[in-house]
Structure formats: structure tokens, C-alpha cells
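Structure, as C-alpha cells:
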Amino acid sequence: MTARETIIETQNLSKHFGGLAAVDDVSIKIETGTLHAIIGPNGAGKTTFFNLLSGNLKPTTGKVFYKGQDITGKPIYRMIHMGIGRSFQITNIFPNLTVHENIRLASQAMEDKNFRFLMDTTKMQTVEERTAIVIEKVGLSRQADIPARVLPHGDQRKLELGIILAPDPELLLLDEPTAGMATDQVPELITLIQEVQQSDDKTVILVEHNMNVVMKVSDRITVMHQGKILAEGTPAEIAANHEVQTAYLGGLYDLNT
Amino acid sequence: MTTNSNFLTRNRGILIFFVVMLLAPFLIGLLEGSSPAVVLANEGGLSKFLEGLGIEIFILAIFALSFDLLFGITGLLSFGHAMFFAVAAYLTGIALKTLQLPFWQVTLLVLLAAIVQALLFSIVLPRVKGITFTLVSLGLASVFHIIVMSSDMINLTGADVGLQGVPTPAFINPASERFRFYVIALIFLVATYIFYRRFVASPTGRVCVAIRENEDRAKMLGYSTTTFKVVAMIISSITASIAGMLHALYQPIISPTVADLGFTVTALLIVLIGGVGTLSGAIVGAFGFRLLDFTLRRFLGESASFVTGSVYVIFVLFVPYGIIGTLRLEKLSTRAGWKELFSRIRGNA
């Protein structure tokens, strides 16, 4: 494997909630252009770890570096401008706005014209073009003009993905993108994520519970358990790891089935 | 919202309103048998009286519009909104009467005060959200109300009696130049409305709507939401100040009631009647509010406020989207309307 650049790195990252160490001394390096999955049982600290990466939470101790730059404690609205996009486990969209407006707002954030309060938004051509491309990409063209709240759950997950694709980030943090989706819709979304990652050479960090998906698509996997990193490696290494088997995978996933 | 539509077609509704309102005094004049020349000379009886009522409605509508920009568009429920209006009114009165400043300096002072107040509110904006912001804003405005009412300030503000004897510049004297004042107030209302419509369709305005819908998400999209809220706050306070200044110039007495919570609630009621976040609802609501109040007071006297109160409660219960809001709906679901209203009031904190 060729040595690639590290896009995001944590050093001794910890987050305590009272006496509970939700994330405990996690140091991790993630290479540019990979699809990296984070797995672990419920309560392992995956989402907290994500919140630390994306700036939604401030770490108790430790630091986060993005492309070598310390981003610990940066305001959350700066993240996307640096190239970090994040989706949520629980769908986080603008329910009363149309699908088009949801994506358009996400594209508009990258413009420097946001304080022209007499300008007509429909005249922001690059934003409109970008919006149309993203809506097409996530397959919501027919639903573009309906309020996001009336979309079925699976389509809302696609919209959520569209919202973070619109600003074209280099690093995508996807927190259970398929959560609550009907099984038959999962492959479609996963293919989409893979396409995005491969065609644009983006880095994707994924929290996912569906083991079949994780084993198939990931370049590398990190297993978290009780706030710590239990193991890290390629899907094959992880599947063969005895510790992981007993802590988490035991009975849940067997490479031979 | 098509890109090729021009100014006239885009603002058809409000421009028709403008023309109708402009012609109304003459039509009423003709009905009572006085020629347009008489109306222009401000000698018509009924037309002059109704112009006065119109001026009050226009001022209320401008004030309600500024409230809707914060509450209906940006999702900030301020209970201190009357302060913007009252500060401008009192400042205009004191500057003209006590300080005897020239009119342009008064205007400048009022605008400056509007921006300072908006920035004052902005100190708390990033720290408190939802209903907490509502209470903090109420506290801020109460301080001003107490200052206005205090007997130490009686020489400046007139305390609970109100500020009287403000010398209005001759060219807009509401007694001798009623029609001119009427047209000026109307122009301010129409201009504010057109400006607000543009604002809501602008990138800044769209972000304000996004903040109302889901502030945390807007932040994650990369918007410094506090900055946008401050922009909305400044625009709103300047608008409310214009209304307050017109009020001071029009009314013979500036009553301290314009500084208290009741006056903010007036704006809230107007917006509720017309439809929250619809903008045009503020104008429709102002007409409804003032005309209902006027008519009932005429027949019932002081007990009218009990009846008007009941009317509003029943109205909001059964028409939670307001007049304009309901017209825009495909079908009315009262329950969904209540839910939406509650979520708006609670904010997304």
C-alpha cells in the first residue's frame, strides 16, 4: 500500500460526560481518499467521536488535526468551509422547506454573496447549477419541489446525503447513513456513497451497523469498544481478529456465510 | 418566482394596494360631495378623518412588518419589540421639542439609535435561544419602559402623562398637511413591504428562513447564524424606528403605552391575524386589528377591549394560519396549524 497523506488525525482525544468517558484517549489517522468505517456495539462512543471530529462537541482533552492544522474547538460553521461535511444518524434537514431549497441552501453557503440582501437568489447561477446536479445525483429530481417532511424516510436519508454533497467537501463524515432505511433501499445508497468517494477521490468516514455493507465497501475499519479503539485494519484483518470476534462480531458476522 | 418577471408584475398586489389607497381619500371625498381639490386642501371632513385612521393603520402595519421579519421569517420571538418603536418615538419628540434639532439631524439620530438597540439585543443573541430570548428581550424593553415612566424623567418624557407638544415640522404637519402625511406614511409602508419581499428572496433572507426552520442545521451548513440574526435584527429595528418616528410626528401625545409589553403584543396579534411569516399578513392584520378596535369601541365604549380580546382568542383558535396564511393553504388543518404556531413560539432551541 502506498503511503498516502493523512487527512484527519486525532491525538489522545477524550470526551467525558461527568464520570463517563464516552471517548477515551483515541488516537487515529485517516488517509486521504479512503473509505473508513467505524464500527462497534451501541454505546461504544462512535457518535460522540463523530461529534468531536465535526466540532459539534468540544473534547475534554486531546486535539483534532485536519490536514495538519489544529481544528480543535473551531466554530462549527467553519468546518464546511474547510472541507468537512457531516450527516446525522437522526435525519437533520429543513422539514418545511422544499427538497430543492434544502440543497440550494447547502450550496449557497459556499458563496461569498450571502450578505447581498437585495439580490435575487434565483440569479445565483453557480448555486442553481450545483443544486440541480446534486439533486440529480441523489435521485430526487421528481421530488424537488415538495416539502422535505413529506418525503418517505429513505428519500430523506438521500436528501441528507445531498445536503452534505452540495458544498463538495473533501471529507465526509456519515453517521449511519442507512439508519432506518428499508433493506432494499440500502444498496442504492451505499453504491451512491461509493461512487462519490471513488469518482471524486473523497475521504469518507462511515459509522454503520450493517456488517455486510461495512465489510464490502470499506478500505479500513476501526472497531470501537467502551470509548477506546479495540482494533484497526482491513476488513479481512478485522473479521479474523479474535478480540473483535468476542467483543462485538461474535455471532453477528461470520465471513463464511 | 421566475427570473424574467419585472418589477411591476412581481409586486402587482402591493402596487394595486398603493393606487387604491392613494385614490381612497378622493373617492370618499366624492361620496360626501367634496371635490378632489377640497380633499387636497385638507378641508374634507370625513376624508380627512379617514386619512387619519389610515395613517394609524399604515404605522401599525410598518411596525407589524418589522415584527414579522423577526418572528415570522427569522424565528425570533422578541417581547421587547415595542422598545424599537418607543425609543424612536420618544427620541423624535425630545429631539424636536427639548433639543430643537433640525429635522435631518433628528432622522439621523433615530437611525443611529435603531442600530445601537439592535446591537444591544445582539449581545444576548448568541447566548440565549427560543423562549429564553423572548424573556431577555422583555427584560431589556422593561428597563426602557421604567425609565420612560420614572418621575425623574418627567421633563423629558412626560412620564405617565406622555410626551406632549412636539413641534412637527410644518411641511408634514398632520393637521394642516394631512393628505401629504397620509401619502408619506403610505409610501413608507409600500416601500418597506417591497424591500422585505426582496430581502426574503435574497441569499441573506433565505438563510434567515433556514435559521427559523433548523438553526443547528444552518450552522452545520456553514452559516454563522448569529451574524444573520443580527442583520435581521438591524433591518427590523430600523423599520420599527421609522414607524415610531412617524407615530411621534402624527400623534399629539406620545403615550408611554407604546413602550410596554402590550404594544409588542399588538404587533404579535396583527401578525397572527394576518398570518405569521407571510409579510402581506402584517398589512391585512393591521387593517383588521385597527378597524375592529375602532368599530367596537364606537359601539361598546371601554368594554370593547373585552370583546376584541375574545375575538382574537377565537380567531387564533380556529384560524391558526391567519388570513393570508389560510388563503395560501390547500386545505385547512387547525390541529397542524396549532402545532406549527407552538413550534414557532417555542423556537428551535
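Values computed for the structure shown
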quantity: Mean-position separation - Cα centroids, the stretch A:20-98 and the stretch B:99-162, in angstrom; calculated: 43
quantity: Most positive-pole-ward Cα, B:L108, B:V161, A:I190, against dipole of the protein assembly as shown from beta carbon charges; calculated: B:V161
quantity: Cα gyration tensor shape for the stretch A:3-79, rounded if a/c is under 1.5, else prolate or oblate; calculated: oblate
quantity: Förster-model FRET efficiency, 56 Å R0, A:E5 and B:N6, C-beta, rounded to 0.05; calculated: 0.60
quantity: Formal net charge of residues neighbouring B:F7 (Cβ-Cβ distance under 14 Å; K, R +1; D, E -1); calculated: +3
quantity: Exposure proxy ranking, count of Cβ atoms within 10 Å, fewest first, for A:K46, B:K219; calculated: B:K219, A:K46
quantity: Using a Förster distance of 35 Å, the FRET efficiency for B:A37-B:T107 (Cβ separation, nearest 0.05); calculated: 0.65
quantity: Anchor A:K202: aspartates and glutamates whose Cα lies under 15 Å away (excluding residues fewer than 8 positions away in-chain); calculated: A:E5, A:E31, A:D168, A:E170, A:D219
quantity: Charge dipole magnitude, Cβ of K and R +1, D and E -1 - the stretch B:7-346, Cα centre, debye nearest 20; calculated: 1100
quantity: Folded to 0 to 90 degrees: helix A:125-137 orientation relative to chain A principal axis, Cα; calculated: 50
quantity: Separation in nanometres of the label points that stand 7 Å from Cα toward Cβ, at B:L46 and B:V143; calculated: 5.1
quantity: With Cα atoms, 0 to 90° folded angle of helix A:99-108 axis to chain A main axis; calculated: 80
quantity: Charge dipole magnitude, Cβ of K and R +1, D and E -1 - the protein assembly as shown, Cα centre, debye nearest 20; calculated: 1100
quantity: Relative exposure of B:Y182, B:Y193, judged by other C-beta atoms within 10 Å (fewest first); calculated: B:Y193, B:Y182
quantity: Mean separation of Cα contacts under 8 Å, 6 or more apart, over the residue count of the stretch A:85-242: relative contact order %; calculated: 25
quantity: Residue-averaged beta-carbon neighbours from other chains (10 angstrom radius) around A:110-120; calculated: 6
quantity: Hits among lysines - C-alpha to C-alpha of B:K129 under 27 Å, sequence gap 8 or more where chains match; calculated: A:K15, A:K58, A:K74, A:K113, B:K219, B:K229, B:K339
quantity: P(r), alpha carbons of the stretch B:29-108 - 10 Å bins starting at zero, rounded %; calculated: 15, 26, 29, 23, 6
quantity: Reachable aspartates and glutamates, given that their alpha-carbon falls under 16 Å from the alpha-carbon of A:K228 and they are not under 8 places away in the same chain; calculated: A:E9, A:D24, A:D25, A:E243
quantity: Net lengthening on full extension, A:T122/A:H209 (0.36 nm per residue, minus Cα-Cα); calculated: 27.3 nm
quantity: Alpha carbon convex hull of chain A, projected area averaged over orientations, nm²; calculated: 15.0
quantity: Value of Rg/Rh across the stretch A:1-129 [Cα atoms, Kirkwood radius]; calculated: 1.04
quantity: Residue order, fewest to most beta carbons within 10 Å, for B:S150, A:S218; calculated: B:S150, A:S218
quantity: Distribution of pairwise C-alpha distances over chain B, 20 Å bins, in %; calculated: 29, 60, 11, 0
quantity: Whether the protein assembly as shown is rounded, prolate or oblate, judged on the alpha carbon gyration tensor where a/c under 1.5 counts as rounded; calculated: prolate
quantity: Kyte-Doolittle mean at least 1.6, axial Cα span of 24 Å or more - DSSP H helices of chain B; calculated: B:12-31, B:103-124, B:130-149
quantity: C-alpha long axis of helix A:153-165 to longest principal axis of chain A, angle in °; calculated: 80
quantity: Where a label projected 7 Å from the Cα of B:F294 along Cα→Cβ would reach, residues of the stretch B:149-181 with amide N under 16 Å; calculated: B:178-179, B:181
quantity: Rounded if a/c under 1.5, otherwise prolate or oblate - the stretch A:61-155, Cα gyration tensor axes; calculated: oblate
quantity: Percent of beta bridges antiparallel (DSSP, the protein assembly as shown, rounded to nearest 5); calculated: 60
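We did not get these values from a lab; they are worked out from the coordinates using the rules stated. From a predicted model like this one, the values you see are computed outputs, not experimental measurements. Neighbour counts run over all protein chains shown; Cβ positions are idealised from the backbone, glycine included.
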